[in-house]
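Please read the structure below before turning to the comments.
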Amino acid sequence: MHSQAEQFQLYELLNALLDDELSPEARAQLEVHLCECESCRSFFESLRQTLELYHRLDEHNPALPHAVEERLRRFIKQKQICKS
Ligand SMILES: [Zn+2]
């Protein structure tokens, strides 16, 4: 579990990741953390499922640019390697 401050920081990191504004250092940090932290992995996973749902409901939903979703999907896919 995370403190509220930690959760906020992770949320900021996630936003930066989606905007492709994460420095390589911050990105590596986030990746390491996701490998170690079950709760953050499931958070990312639920986020991915939400994105998929958006697309199923409305293919032309402009709320989430396709490139952003692709970036997130790629990132999460990498993370699944950590589980094994
Ligand atoms: Zn975590």
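When only DSSP loop residues count, what GluC sites (Glu not before Pro) in region 15-58 have their Cβ near at most 15 other Cβ atoms within 10 Å?
Filter output for region 15-58: Glu21.
First measure r as the distance between the Cβ atoms of His33 and Arg56, then evaluate 1/(1 + (r/R0)^6) with R0 = 25 Å and state the FRET efficiency to the nearest 0.05. Result of the calculation: an efficiency of 0.25.
Length gained on full extension, Asn15 to His66, computed as 0.36 nm times the residue gap minus the Cα-Cα distance: 16.8 nm.
None of the figures in this text is laboratory data; all of them are computed from the coordinates on show. All values derive from a computational prediction rather than experimental measurement. Neighbour counts run over all protein chains shown; Cβ positions are idealised from the backbone, glycine included.
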